[in-house]
Amino acid sequence: MARASSRAGIATAPLLAPAVLLLLLWMIVPLAMTLWFSFQRYNLLNPAVRGFAGFNNYRFLLRDPTLVPILVTTVVLVLAVLALTIGLGTVFAALFAREFRGRNIARLLMVTPFFVMPTVSALVWKNLFMHPVNGFFAAISRGLGLPVIDWFGAIPLLSVILIVAWEWLPFAFLIFLTALQSLDEEQIEAARLDGAGPIAIFFFIQLPHLGRAISVVVMMETIFLLGIFAEIYVTTAGGPGIATTNLPFLIYQRALLAFNVGGASAAGVIAIVLANVMAALLVRTIARRLDV
Amino acid sequence: MKARLATLLAWVIALLNVFPLVWMALASFKTEVDAIHTPPLLFFHPTLENYQAIFALQDYTGYALNSVAISLGATLITVLIAIPAAFAMAFYPGPRTRDILLWMLSTKMLPAVGVLVPIYLLCRDAGLLDTRTALIIVYVLSNLPIAVWMLFTFFRETPRDIIEASRIDGASVGETILLVLLPLVLPGIASTALLLIILCWNEAFWSLNLTAHNAAPLTAFIASFSAPQGLFWARLSAASLLAIAPILVFGWLSQRQLVRGLTFGAVK
(Lines give C-alpha, C1' and ligand atoms only; values in the text may rest on other atoms or scores of the structure.)
Protein backbone atom coordinates (compact mmCIF):
# COMPACT_ATOMS: atom_id res chain seq x y z
CA MET A 1 0.00 0.00 0.00
CA ALA A 2 2.84 2.36 0.85
CA ARG A 3 4.40 1.93 -2.56
CA ALA A 4 1.09 2.54 -4.27
CA SER A 5 0.54 5.81 -2.46
CA SER A 6 3.97 7.23 -3.17
CA ARG A 7 3.45 6.53 -6.85
CA ALA A 8 0.05 8.19 -6.82
CA GLY A 9 1.33 11.30 -5.11
CA ILE A 10 -0.85 11.19 -1.98
CA ALA A 11 -0.85 8.99 1.07
CA THR A 12 -3.86 6.73 0.52
CA ALA A 13 -3.16 4.56 3.55
CA PRO A 14 -4.78 6.88 6.14
CA LEU A 15 -7.87 7.18 3.94
CA LEU A 16 -8.21 3.44 3.52
CA ALA A 17 -7.17 2.40 6.99
CA PRO A 18 -10.44 2.92 8.92
CA ALA A 19 -12.54 0.93 6.46
CA VAL A 20 -9.94 -1.80 5.99
CA LEU A 21 -9.15 -2.24 9.69
CA LEU A 22 -12.81 -2.33 10.72
CA LEU A 23 -13.65 -4.92 8.11
CA LEU A 24 -10.59 -6.94 9.03
CA LEU A 25 -11.75 -7.04 12.67
CA TRP A 26 -15.31 -7.82 11.59
CA MET A 27 -14.09 -10.70 9.48
CA ILE A 28 -11.49 -12.26 11.75
CA VAL A 29 -12.74 -11.89 15.33
CA PRO A 30 -16.23 -13.44 15.09
CA LEU A 31 -15.02 -16.09 12.67
CA ALA A 32 -12.20 -17.12 14.97
CA MET A 33 -14.57 -17.17 17.94
CA THR A 34 -17.12 -19.33 16.10
CA LEU A 35 -14.38 -21.79 15.17
CA TRP A 36 -13.02 -21.79 18.74
CA PHE A 37 -16.46 -22.30 20.34
CA SER A 38 -17.26 -25.10 17.94
CA PHE A 39 -14.53 -27.13 19.63
CA GLN A 40 -15.63 -26.18 23.15
CA ARG A 41 -18.05 -27.72 25.57
CA TYR A 42 -19.94 -24.58 26.54
CA ASN A 43 -23.58 -24.11 27.56
CA LEU A 44 -24.68 -20.76 28.94
CA LEU A 45 -27.12 -22.50 31.28
CA ASN A 46 -24.23 -24.38 32.86
CA PRO A 47 -21.21 -22.14 32.40
CA ALA A 48 -19.11 -23.94 35.00
CA VAL A 49 -18.71 -26.97 32.76
CA ARG A 50 -16.28 -25.85 30.10
CA GLY A 51 -13.38 -27.33 28.25
CA PHE A 52 -12.05 -28.67 25.02
CA ALA A 53 -14.61 -30.90 23.34
CA GLY A 54 -12.64 -32.02 20.30
CA PHE A 55 -14.97 -32.87 17.47
CA ASN A 56 -17.85 -33.77 19.83
CA ASN A 57 -20.02 -30.82 18.78
CA TYR A 58 -19.62 -31.79 15.14
CA ARG A 59 -20.20 -35.45 15.96
CA PHE A 60 -23.45 -34.67 17.80
CA LEU A 61 -24.55 -32.41 14.99
CA LEU A 62 -23.82 -34.96 12.26
CA ARG A 63 -25.47 -37.78 14.23
CA ASP A 64 -28.56 -35.68 14.82
CA PRO A 65 -31.29 -37.29 12.65
CA THR A 66 -32.86 -33.88 12.03
CA LEU A 67 -29.72 -32.41 10.44
CA VAL A 68 -30.24 -33.89 6.97
CA PRO A 69 -33.91 -32.85 6.69
CA ILE A 70 -32.94 -29.37 7.90
CA LEU A 71 -30.18 -29.08 5.30
CA VAL A 72 -32.64 -30.30 2.66
CA THR A 73 -35.16 -27.66 3.77
CA THR A 74 -32.43 -25.00 3.59
CA VAL A 75 -31.52 -25.98 0.03
CA VAL A 76 -35.13 -26.48 -1.15
CA LEU A 77 -36.02 -23.02 0.12
CA VAL A 78 -33.14 -21.49 -1.84
CA LEU A 79 -33.74 -23.44 -5.05
CA ALA A 80 -37.52 -22.96 -5.10
CA VAL A 81 -37.28 -19.22 -4.54
CA LEU A 82 -34.55 -18.98 -7.19
CA ALA A 83 -36.71 -20.88 -9.69
CA LEU A 84 -39.76 -18.71 -9.02
CA THR A 85 -37.98 -15.36 -9.02
CA ILE A 86 -35.86 -16.07 -12.08
CA GLY A 87 -38.66 -17.74 -14.05
CA LEU A 88 -41.17 -14.99 -13.41
CA GLY A 89 -38.53 -12.26 -13.27
CA THR A 90 -37.21 -12.87 -16.79
CA VAL A 91 -40.72 -13.04 -18.31
CA PHE A 92 -41.95 -9.93 -16.47
CA ALA A 93 -38.77 -8.02 -17.34
CA ALA A 94 -39.27 -8.87 -21.04
CA LEU A 95 -42.85 -7.61 -20.74
CA PHE A 96 -41.63 -4.34 -19.22
CA ALA A 97 -38.66 -3.86 -21.55
CA ARG A 98 -40.66 -2.01 -24.20
CA GLU A 99 -42.21 1.40 -23.78
CA PHE A 100 -45.88 1.51 -22.75
CA ARG A 101 -48.26 3.92 -21.12
CA GLY A 102 -47.54 4.40 -17.44
CA ARG A 103 -44.52 2.10 -17.51
CA ASN A 104 -42.64 4.05 -14.85
CA ILE A 105 -45.50 3.75 -12.39
CA ALA A 106 -46.12 0.08 -13.18
CA ARG A 107 -42.42 -0.62 -12.67
CA LEU A 108 -42.56 1.16 -9.31
CA LEU A 109 -45.40 -1.15 -8.28
CA MET A 110 -43.35 -4.17 -9.37
CA VAL A 111 -40.36 -3.12 -7.26
CA THR A 112 -42.31 -2.06 -4.15
CA PRO A 113 -42.40 -5.37 -2.21
CA PHE A 114 -38.61 -5.30 -2.00
CA PHE A 115 -38.78 -2.31 0.35
CA VAL A 116 -41.20 -3.94 2.79
CA MET A 117 -39.60 -5.25 5.96
CA PRO A 118 -39.65 -9.07 6.14
CA THR A 119 -41.68 -9.22 9.34
CA VAL A 120 -44.48 -7.19 7.71
CA SER A 121 -44.48 -9.26 4.50
CA ALA A 122 -44.58 -12.52 6.38
CA LEU A 123 -47.34 -11.58 8.85
CA VAL A 124 -49.57 -9.92 6.24
CA TRP A 125 -49.34 -12.95 3.96
CA LYS A 126 -49.77 -15.42 6.81
CA ASN A 127 -52.83 -13.74 8.33
CA LEU A 128 -54.67 -11.62 5.80
CA PHE A 129 -54.13 -14.01 2.89
CA MET A 130 -53.20 -17.54 3.98
CA HIS A 131 -55.37 -17.87 7.08
CA PRO A 132 -57.47 -21.03 6.54
CA VAL A 133 -60.72 -19.49 7.85
CA ASN A 134 -60.70 -15.72 7.42
CA GLY A 135 -57.93 -15.33 4.85
CA PHE A 136 -58.40 -13.84 1.39
CA PHE A 137 -57.36 -17.05 -0.37
CA ALA A 138 -59.81 -19.10 1.69
CA ALA A 139 -62.59 -16.73 0.63
CA ILE A 140 -61.62 -17.10 -3.04
CA SER A 141 -61.54 -20.89 -2.75
CA ARG A 142 -64.99 -20.92 -1.17
CA GLY A 143 -66.30 -18.51 -3.79
CA LEU A 144 -65.10 -20.85 -6.54
CA GLY A 145 -66.36 -23.93 -4.73
CA LEU A 146 -62.85 -25.29 -4.29
CA PRO A 147 -61.48 -26.90 -1.14
CA VAL A 148 -59.90 -24.38 1.25
CA ILE A 149 -56.15 -24.77 1.64
CA ASP A 150 -54.73 -24.79 5.16
CA TRP A 151 -51.52 -23.09 3.99
CA PHE A 152 -49.30 -23.24 7.05
CA GLY A 153 -50.86 -26.46 8.31
CA ALA A 154 -50.75 -28.58 5.16
CA ILE A 155 -47.99 -27.00 3.05
CA PRO A 156 -45.89 -24.91 5.47
CA LEU A 157 -42.63 -24.92 3.50
CA LEU A 158 -44.37 -23.98 0.25
CA SER A 159 -46.14 -21.15 2.08
CA VAL A 160 -42.81 -19.77 3.31
CA ILE A 161 -41.37 -20.18 -0.20
CA LEU A 162 -44.20 -18.16 -1.75
CA ILE A 163 -43.77 -15.32 0.73
CA VAL A 164 -40.00 -15.16 0.25
CA ALA A 165 -40.40 -15.37 -3.54
CA TRP A 166 -42.77 -12.38 -3.45
CA GLU A 167 -40.13 -10.45 -1.50
CA TRP A 168 -37.31 -11.30 -3.90
CA LEU A 169 -39.10 -11.17 -7.26
CA PRO A 170 -38.58 -7.36 -7.46
CA PHE A 171 -34.83 -7.79 -7.07
CA ALA A 172 -34.58 -10.28 -9.94
CA PHE A 173 -37.05 -8.30 -12.04
CA LEU A 174 -35.19 -5.02 -11.64
CA ILE A 175 -31.80 -6.51 -12.48
CA PHE A 176 -33.17 -8.31 -15.54
CA LEU A 177 -34.95 -5.17 -16.69
CA THR A 178 -31.75 -3.14 -16.31
CA ALA A 179 -29.85 -5.74 -18.32
CA LEU A 180 -32.52 -5.90 -21.04
CA GLN A 181 -32.42 -2.15 -21.49
CA SER A 182 -28.80 -2.41 -22.58
CA LEU A 183 -29.92 -4.75 -25.38
CA ASP A 184 -29.59 -3.26 -28.84
CA GLU A 185 -33.06 -2.17 -29.93
CA GLU A 186 -32.23 -2.77 -33.61
CA GLN A 187 -31.59 -6.44 -32.98
CA ILE A 188 -35.15 -6.95 -31.78
CA GLU A 189 -36.51 -4.78 -34.59
CA ALA A 190 -34.63 -6.88 -37.15
CA ALA A 191 -35.96 -10.11 -35.66
CA ARG A 192 -39.47 -8.69 -35.74
CA LEU A 193 -39.11 -7.77 -39.40
CA ASP A 194 -37.97 -11.33 -40.06
CA GLY A 195 -41.27 -12.47 -38.60
CA ALA A 196 -40.24 -13.48 -35.07
CA GLY A 197 -43.03 -13.34 -32.48
CA PRO A 198 -42.59 -12.13 -28.89
CA ILE A 199 -42.00 -15.67 -27.65
CA ALA A 200 -39.25 -16.32 -30.18
CA ILE A 201 -37.70 -12.94 -29.38
CA PHE A 202 -37.78 -13.79 -25.67
CA PHE A 203 -36.11 -17.18 -26.03
CA PHE A 204 -33.64 -16.45 -28.81
CA ILE A 205 -32.62 -12.84 -28.16
CA GLN A 206 -33.59 -11.58 -24.70
CA LEU A 207 -32.94 -14.68 -22.61
CA PRO A 208 -29.43 -15.30 -24.03
CA HIS A 209 -28.62 -11.65 -23.38
CA LEU A 210 -29.58 -12.16 -19.71
CA GLY A 211 -27.02 -14.90 -19.04
CA ARG A 212 -24.74 -12.74 -16.98
CA ALA A 213 -27.57 -11.04 -15.09
CA ILE A 214 -29.08 -14.42 -14.24
CA SER A 215 -25.79 -15.67 -12.84
CA VAL A 216 -25.48 -12.56 -10.67
CA VAL A 217 -29.06 -12.95 -9.41
CA VAL A 218 -28.49 -16.63 -8.64
CA MET A 219 -25.42 -15.89 -6.57
CA MET A 220 -26.67 -12.77 -4.78
CA GLU A 221 -30.01 -14.33 -3.92
CA THR A 222 -28.40 -17.57 -2.80
CA ILE A 223 -26.28 -15.71 -0.28
CA PHE A 224 -29.32 -13.89 1.13
CA LEU A 225 -31.68 -16.89 0.92
CA LEU A 226 -29.25 -19.13 2.81
CA GLY A 227 -29.81 -16.70 5.69
CA ILE A 228 -33.62 -16.51 5.64
CA PHE A 229 -34.68 -16.14 9.25
CA ALA A 230 -37.29 -13.48 10.08
CA GLU A 231 -39.99 -14.92 7.80
CA ILE A 232 -39.73 -18.28 9.56
CA TYR A 233 -39.43 -16.69 13.00
CA VAL A 234 -42.78 -14.88 12.72
CA THR A 235 -44.80 -17.44 10.74
CA THR A 236 -43.98 -21.02 11.74
CA ALA A 237 -41.14 -20.85 14.29
CA GLY A 238 -39.62 -23.71 12.30
CA GLY A 239 -42.66 -25.96 12.56
CA PRO A 240 -44.82 -27.87 12.43
CA GLY A 241 -42.17 -30.24 13.80
CA ILE A 242 -39.10 -29.28 11.81
CA ALA A 243 -40.97 -28.83 8.51
CA THR A 244 -39.75 -25.25 8.02
CA THR A 245 -36.55 -25.28 10.08
CA ASN A 246 -33.58 -24.18 7.98
CA LEU A 247 -29.96 -23.87 9.02
CA PRO A 248 -30.21 -20.28 10.36
CA PHE A 249 -33.25 -21.18 12.42
CA LEU A 250 -31.53 -24.29 13.78
CA ILE A 251 -28.55 -22.18 14.86
CA TYR A 252 -30.86 -19.63 16.48
CA GLN A 253 -32.63 -22.42 18.40
CA ARG A 254 -29.38 -23.99 19.55
CA ALA A 255 -27.80 -20.69 20.51
CA LEU A 256 -30.52 -18.47 21.95
CA LEU A 257 -33.18 -20.96 23.02
CA ALA A 258 -31.03 -23.88 24.19
CA PHE A 259 -27.96 -21.71 25.01
CA ASN A 260 -25.72 -24.40 23.54
CA VAL A 261 -22.79 -22.28 22.41
CA GLY A 262 -20.65 -25.18 21.23
CA GLY A 263 -23.37 -26.90 19.23
CA ALA A 264 -24.62 -23.68 17.66
CA SER A 265 -21.08 -22.74 16.66
CA ALA A 266 -20.50 -26.07 14.94
CA ALA A 267 -23.68 -25.47 12.92
CA GLY A 268 -22.46 -21.93 12.29
CA VAL A 269 -19.25 -23.24 10.76
CA ILE A 270 -21.31 -25.38 8.38
CA ALA A 271 -23.36 -22.33 7.38
CA ILE A 272 -20.19 -20.34 6.72
CA VAL A 273 -18.72 -23.09 4.55
CA LEU A 274 -21.96 -23.37 2.54
CA ALA A 275 -22.14 -19.62 1.96
CA ASN A 276 -18.46 -19.35 1.09
CA VAL A 277 -18.76 -21.74 -1.83
CA MET A 278 -21.33 -19.39 -3.38
CA ALA A 279 -19.35 -16.33 -2.36
CA ALA A 280 -16.20 -17.55 -4.11
CA LEU A 281 -18.16 -18.00 -7.35
CA LEU A 282 -19.77 -14.57 -7.04
CA VAL A 283 -16.51 -12.76 -6.32
CA ARG A 284 -14.95 -14.38 -9.38
CA THR A 285 -17.85 -13.25 -11.59
CA ILE A 286 -17.63 -9.69 -10.34
CA ALA A 287 -13.83 -9.65 -10.57
CA ARG A 288 -14.05 -10.40 -14.29
CA ARG A 289 -16.07 -7.23 -14.76
CA LEU A 290 -13.93 -5.02 -12.54
CA ASP A 291 -11.26 -3.01 -14.33
CA VAL A 292 -9.16 -1.01 -11.91
CA MET B 1 -53.68 -4.85 -30.67
CA LYS B 2 -50.96 -7.23 -29.53
CA ALA B 3 -49.10 -4.34 -27.96
CA ARG B 4 -52.21 -3.21 -26.13
CA LEU B 5 -52.71 -6.73 -24.76
CA ALA B 6 -49.10 -6.81 -23.52
CA THR B 7 -49.59 -3.44 -21.84
CA LEU B 8 -52.75 -4.67 -20.16
CA LEU B 9 -50.97 -7.82 -19.00
CA ALA B 10 -48.08 -5.79 -17.57
CA TRP B 11 -50.48 -3.59 -15.63
CA VAL B 12 -52.44 -6.57 -14.28
CA ILE B 13 -49.23 -8.19 -13.08
CA ALA B 14 -48.05 -4.95 -11.46
CA LEU B 15 -51.36 -4.46 -9.65
CA LEU B 16 -51.53 -8.07 -8.46
CA ASN B 17 -47.97 -7.69 -7.23
CA VAL B 18 -48.85 -4.83 -4.87
CA PHE B 19 -52.30 -6.12 -4.02
CA PRO B 20 -51.19 -7.62 -0.66
CA LEU B 21 -50.03 -4.17 0.42
CA VAL B 22 -53.19 -2.46 -0.83
CA TRP B 23 -55.32 -5.02 1.00
CA MET B 24 -53.25 -4.47 4.13
CA ALA B 25 -53.72 -0.71 3.86
CA LEU B 26 -57.50 -1.18 3.56
CA ALA B 27 -57.55 -3.51 6.56
CA SER B 28 -55.78 -0.89 8.65
CA PHE B 29 -58.89 1.31 8.41
CA LYS B 30 -61.33 -1.49 9.32
CA THR B 31 -62.61 -2.53 12.71
CA GLU B 32 -61.22 -5.86 13.91
CA VAL B 33 -64.58 -7.46 13.17
CA ASP B 34 -64.62 -6.12 9.61
CA ALA B 35 -61.00 -7.16 9.09
CA ILE B 36 -61.71 -10.86 9.60
CA HIS B 37 -65.12 -10.74 7.92
CA THR B 38 -65.89 -13.45 5.40
CA PRO B 39 -66.40 -12.84 2.57
CA PRO B 40 -63.75 -10.09 2.62
CA LEU B 41 -65.18 -6.58 2.77
CA LEU B 42 -64.26 -4.14 0.05
CA PHE B 43 -66.66 -1.49 1.32
CA PHE B 44 -66.80 -0.62 5.00
CA HIS B 45 -66.98 2.29 7.40
CA PRO B 46 -63.38 3.46 7.73
CA THR B 47 -62.09 4.02 11.23
CA LEU B 48 -58.90 5.38 12.73
CA GLU B 49 -59.25 3.40 15.95
CA ASN B 50 -56.35 1.07 15.07
CA TYR B 51 -53.95 3.95 14.65
CA GLN B 52 -55.13 5.48 17.90
CA ALA B 53 -54.67 2.16 19.67
CA ILE B 54 -51.14 1.71 18.36
CA PHE B 55 -50.04 5.10 19.61
CA ALA B 56 -51.98 4.94 22.88
CA LEU B 57 -51.44 1.33 23.93
CA GLN B 58 -48.33 0.04 22.26
CA ASP B 59 -45.66 2.72 22.43
CA TYR B 60 -45.31 2.84 18.66
CA THR B 61 -43.31 6.06 18.95
CA GLY B 62 -40.60 4.35 20.98
CA TYR B 63 -40.04 1.66 18.36
CA ALA B 64 -40.17 4.17 15.53
CA LEU B 65 -37.59 6.37 17.24
CA ASN B 66 -35.30 3.36 17.63
CA SER B 67 -35.64 2.59 13.93
CA VAL B 68 -34.91 6.19 12.97
CA ALA B 69 -31.94 6.56 15.34
CA ILE B 70 -30.38 3.23 14.37
CA SER B 71 -30.87 3.65 10.61
CA LEU B 72 -29.68 7.25 10.45
CA GLY B 73 -26.83 6.72 12.93
CA ALA B 74 -25.50 3.63 11.19
CA THR B 75 -25.85 5.20 7.74
CA LEU B 76 -24.06 8.40 8.73
CA ILE B 77 -21.12 6.54 10.25
CA THR B 78 -20.93 4.11 7.33
CA VAL B 79 -20.83 6.90 4.75
CA LEU B 80 -18.22 8.85 6.71
CA ILE B 81 -15.91 5.83 6.84
CA ALA B 82 -16.60 4.79 3.25
CA ILE B 83 -16.06 8.14 1.50
CA PRO B 84 -12.29 8.43 2.15
CA ALA B 85 -11.72 4.77 1.25
CA ALA B 86 -13.73 5.04 -1.97
CA PHE B 87 -11.98 8.33 -2.79
CA ALA B 88 -8.54 6.79 -2.40
CA MET B 89 -9.35 3.76 -4.51
CA ALA B 90 -11.26 5.61 -7.24
CA PHE B 91 -8.73 8.41 -7.82
CA TYR B 92 -5.46 6.90 -6.68
CA PRO B 93 -5.70 3.20 -7.55
CA GLY B 94 -2.63 1.22 -6.64
CA PRO B 95 -1.55 -2.32 -7.48
CA ARG B 96 -3.59 -3.69 -4.59
CA THR B 97 -6.79 -1.67 -5.07
CA ARG B 98 -8.47 -4.44 -6.98
CA ASP B 99 -7.66 -7.01 -4.28
CA ILE B 100 -8.90 -4.69 -1.53
CA LEU B 101 -12.20 -4.11 -3.32
CA LEU B 102 -12.80 -7.80 -3.89
CA TRP B 103 -11.78 -8.67 -0.36
CA MET B 104 -14.23 -6.09 1.03
CA LEU B 105 -16.93 -7.64 -1.09
CA SER B 106 -16.13 -11.08 0.25
CA THR B 107 -16.63 -9.92 3.85
CA LYS B 108 -20.22 -9.12 2.88
CA MET B 109 -20.68 -12.79 2.04
CA LEU B 110 -20.07 -13.91 5.60
CA PRO B 111 -23.47 -15.25 6.69
CA ALA B 112 -24.79 -13.38 9.72
CA VAL B 113 -26.05 -16.57 11.29
CA GLY B 114 -22.55 -18.06 11.22
CA VAL B 115 -21.37 -15.42 13.69
CA LEU B 116 -24.55 -15.10 15.76
CA VAL B 117 -22.99 -16.80 18.79
CA PRO B 118 -19.82 -14.68 19.06
CA ILE B 119 -21.61 -11.40 18.33
CA TYR B 120 -24.28 -12.20 20.90
CA LEU B 121 -21.66 -13.09 23.52
CA LEU B 122 -19.49 -10.05 22.74
CA CYS B 123 -22.54 -7.79 23.10
CA ARG B 124 -23.53 -9.49 26.34
CA ASP B 125 -20.05 -9.14 27.83
CA ALA B 126 -19.84 -5.49 26.75
CA GLY B 127 -23.27 -4.77 28.23
CA LEU B 128 -24.58 -3.89 24.77
CA LEU B 129 -27.48 -6.32 24.50
CA ASP B 130 -30.72 -4.47 23.83
CA THR B 131 -28.95 -1.18 23.04
CA ARG B 132 -29.08 0.93 19.91
CA THR B 133 -25.28 1.04 19.95
CA ALA B 134 -25.01 -2.71 19.32
CA LEU B 135 -27.25 -2.58 16.24
CA ILE B 136 -25.50 0.52 14.91
CA ILE B 137 -22.08 -1.17 15.20
CA VAL B 138 -23.29 -4.34 13.51
CA TYR B 139 -25.04 -2.43 10.71
CA VAL B 140 -22.02 -0.19 10.05
CA LEU B 141 -19.76 -3.21 9.72
CA SER B 142 -22.11 -5.28 7.59
CA ASN B 143 -23.01 -2.42 5.21
CA LEU B 144 -19.55 -0.91 4.87
CA PRO B 145 -18.59 -3.04 1.83
CA ILE B 146 -21.77 -2.03 -0.03
CA ALA B 147 -21.14 1.64 0.74
CA VAL B 148 -17.50 1.56 -0.38
CA TRP B 149 -18.39 -0.23 -3.60
CA MET B 150 -21.29 1.98 -4.48
CA LEU B 151 -19.38 5.19 -3.78
CA PHE B 152 -16.40 3.81 -5.67
CA THR B 153 -18.51 3.32 -8.82
CA PHE B 154 -19.94 6.84 -8.49
CA PHE B 155 -16.55 8.47 -7.86
CA ARG B 156 -15.03 6.76 -10.87
CA GLU B 157 -17.50 8.53 -13.11
CA THR B 158 -16.10 11.87 -11.94
CA PRO B 159 -13.35 13.25 -14.22
CA ARG B 160 -10.02 12.73 -12.53
CA ASP B 161 -8.61 15.97 -13.96
CA ILE B 162 -10.78 18.00 -11.62
CA ILE B 163 -9.25 16.30 -8.60
CA GLU B 164 -5.73 16.67 -10.01
CA ALA B 165 -6.29 20.34 -10.78
CA SER B 166 -7.49 21.06 -7.28
CA ARG B 167 -4.45 19.28 -5.84
CA ILE B 168 -2.10 21.26 -8.11
CA ASP B 169 -3.78 24.46 -6.96
CA GLY B 170 -2.59 23.58 -3.50
CA ALA B 171 -5.73 22.15 -1.89
CA SER B 172 -5.17 19.49 0.74
CA VAL B 173 -6.73 16.04 0.43
CA GLY B 174 -9.42 17.00 2.93
CA GLU B 175 -10.22 20.23 1.08
CA THR B 176 -10.31 18.39 -2.23
CA ILE B 177 -12.82 15.88 -0.92
CA LEU B 178 -14.95 18.46 0.87
CA LEU B 179 -14.93 21.38 -1.58
CA VAL B 180 -14.35 19.79 -5.00
CA LEU B 181 -15.49 16.18 -4.96
CA LEU B 182 -18.49 16.29 -2.63
CA PRO B 183 -20.56 18.84 -4.59
CA LEU B 184 -19.99 16.79 -7.75
CA VAL B 185 -20.93 13.42 -6.31
CA LEU B 186 -23.67 14.50 -3.93
CA PRO B 187 -26.38 12.62 -5.88
CA GLY B 188 -24.29 9.44 -5.70
CA ILE B 189 -23.75 9.86 -1.97
CA ALA B 190 -27.46 10.50 -1.49
CA SER B 191 -28.39 7.29 -3.35
CA THR B 192 -25.86 5.34 -1.32
CA ALA B 193 -27.23 6.76 1.92
CA LEU B 194 -30.81 5.99 0.86
CA LEU B 195 -29.95 2.37 0.12
CA LEU B 196 -28.15 2.04 3.45
CA ILE B 197 -31.13 3.50 5.33
CA ILE B 198 -33.44 1.03 3.60
CA LEU B 199 -31.17 -1.91 4.45
CA CYS B 200 -30.89 -0.86 8.10
CA TRP B 201 -34.60 -0.11 8.48
CA ASN B 202 -35.65 -3.52 7.15
CA GLU B 203 -32.90 -5.64 8.72
CA ALA B 204 -34.55 -8.38 10.75
CA PHE B 205 -31.92 -10.88 11.85
CA TRP B 206 -29.80 -8.86 14.23
CA SER B 207 -32.69 -6.65 15.33
CA LEU B 208 -34.68 -9.71 16.43
CA ASN B 209 -31.74 -11.39 18.15
CA LEU B 210 -29.89 -8.51 19.79
CA THR B 211 -32.77 -6.42 21.14
CA ALA B 212 -35.55 -7.07 23.64
CA HIS B 213 -37.58 -3.96 24.35
CA ASN B 214 -35.46 -0.88 24.99
CA ALA B 215 -33.69 -0.79 21.64
CA ALA B 216 -36.19 -2.81 19.59
CA PRO B 217 -36.88 -1.20 16.19
CA LEU B 218 -40.04 -1.56 14.11
CA THR B 219 -39.07 -4.93 12.63
CA ALA B 220 -39.14 -6.38 16.14
CA PHE B 221 -42.33 -4.50 17.05
CA ILE B 222 -44.14 -6.03 14.07
CA ALA B 223 -42.77 -9.46 14.99
CA SER B 224 -44.53 -9.14 18.35
CA PHE B 225 -47.80 -9.51 16.43
CA SER B 226 -46.91 -13.12 15.65
CA ALA B 227 -47.97 -14.22 19.14
CA PRO B 228 -50.94 -16.52 18.51
CA GLN B 229 -53.01 -15.16 21.39
CA GLY B 230 -52.98 -11.60 20.13
CA LEU B 231 -53.92 -11.63 16.49
CA PHE B 232 -55.39 -8.24 15.81
CA TRP B 233 -55.39 -8.07 12.03
CA ALA B 234 -56.56 -4.50 11.69
CA ARG B 235 -54.07 -3.29 14.25
CA LEU B 236 -51.29 -5.38 12.67
CA SER B 237 -52.15 -3.77 9.32
CA ALA B 238 -52.09 -0.26 10.73
CA ALA B 239 -48.76 -0.86 12.50
CA SER B 240 -47.37 -2.38 9.30
CA LEU B 241 -48.44 0.52 7.13
CA LEU B 242 -46.86 2.99 9.54
CA ALA B 243 -43.68 0.91 9.64
CA ILE B 244 -43.21 0.64 5.87
CA ALA B 245 -44.59 3.97 4.62
CA PRO B 246 -41.51 6.17 5.13
CA ILE B 247 -39.15 3.59 3.70
CA LEU B 248 -41.34 2.98 0.63
CA VAL B 249 -40.84 6.62 -0.30
CA PHE B 250 -37.07 6.23 0.07
CA GLY B 251 -37.22 3.04 -1.95
CA TRP B 252 -39.11 4.65 -4.80
CA LEU B 253 -36.58 7.48 -4.87
CA SER B 254 -33.59 5.17 -4.99
CA GLN B 255 -34.86 2.27 -7.12
CA ARG B 256 -32.85 3.28 -10.17
CA GLN B 257 -29.61 3.12 -8.17
CA LEU B 258 -30.58 -0.11 -6.44
CA VAL B 259 -29.09 -2.33 -9.13
CA ARG B 260 -25.74 -0.61 -8.90
CA GLY B 261 -25.66 -0.93 -5.14
CA LEU B 262 -26.71 -4.53 -4.87
CA THR B 263 -24.84 -6.09 -7.78
CA PHE B 264 -21.48 -4.42 -7.11
CA GLY B 265 -21.26 -3.10 -10.64
CA ALA B 266 -21.69 -6.51 -12.24
CA VAL B 267 -24.92 -5.46 -14.00
CA LYS B 268 -25.23 -2.03 -15.51
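A few notes on this one:
- Here the calculated FRET efficiency for A:Phe55 and B:Asp125, from their Cβ-Cβ distance with R0 = 25 Å, stands at 0.40, rounded to the nearest 0.05.
- Chain-alone versus full-assembly comparison, region B:157-195, residues with accessible loss of at least 10 Å² (1.4 Å probe): B:Arg167, B:Val173
- Compactness relative to 2.2 N^0.38 Å, alpha carbon Rg of region B:1-47: 1.58
- Here is what passes the span test in chain A: the DSSP H helices with alpha carbon length of 15 Å or more along the helix axis and a Kyte-Doolittle mean of 0.5 or above are A:13-38, A:67-96, A:156-180, A:211-225, A:261-289.
- Cα centroids of region A:165-180 and region A:80-124: 6 Å apart.
- Note on B:Arg98 and A:Gln181: their simple-model spin labels are 3.0 nm apart, each label 7 Å out from Cα toward Cβ.
- Counting only whole DSSP H helices of chain B, the ones at least 27 Å long by C-alpha along their axis and with mean Kyte-Doolittle hydropathy no lower than -1.0 are B:2-27, B:60-91, B:132-156, B:182-202, B:233-263.
- Mean separation of Cα pairs under 8 Å and 6 or more residues apart, divided by the residue count, gives region A:67-289 a relative contact order of 28 percent.
- Neighbour cut-off at most 12 other Cβ (10 Å), DSSP loop, trypsin sites (Lys or Arg not before Pro), region A:100-205: A:Arg101
- Å² per residue, accessible surface of the protein assembly as shown at 1.4 Å: 42 Å²
- Geometric descriptor of region B:132-196, per residue, is 94 Å³ (volume of the convex hull of the Cα atoms).
- Number of partner chain Cβ atoms within 10 Å, mean per residue of B:89-99: 5
- Rolled with a 1.4 Å probe across the full set of protein chains, the surface gives B:Thr158 an accessible area near 20 Å².
- Surface composition of region A:67-289: carbon plus sulfur atoms contribute 69% of the solvent-accessible area (1.4 Å probe, protein chains only, all chains present).
- Chains A and B together bury roughly 9200 Å² of accessible area, counting both sides, with a 1.4 Å probe on protein heavy atoms only.
- Look at the stretch A:22-33: the mean tally of other chain Cβ atoms within 10 Å of its residues' Cβ atoms is 6.
- In percent, rounded to a whole number, the relative contact order of region B:143-237 is 22, using alpha-carbon pairs under 8 Å and six or more apart.
- Each of A:Leu257 and A:Ile199 was given a label point 7 Å from its Cα along the Cα-to-Cβ line. The distance between the two points is 4.8 nm.
- Portion, in percent, of the accessible area of region B:136-268 that falls on carbon or sulfur, probe 1.4 Å: 65 percent
- Sum of -39500 (n - 2.57) over DSSP H runs of 4+, divided by residues of chain A (222 nm, nearest 500): -21000 deg cm²/dmol
- Percent RCO, i.e. relative contact order, over region B:57-263, from Cα pairs under 8 Å lying at least 6 residues apart: 34 percent
The values are calculated or read from the model by the stated rules, or taken from the named source; none is laboratory data. None of these values were measured; they are calculated from a predicted model. Neighbour counts run over all protein chains shown; Cβ positions are idealised from the backbone, glycine included. For accessibility, only protein heavy atoms count, side chains too; no ligands or nucleic acids. Shrake-Rupley method; radii C 1.70, N 1.55, O 1.52, S 1.80 Å.
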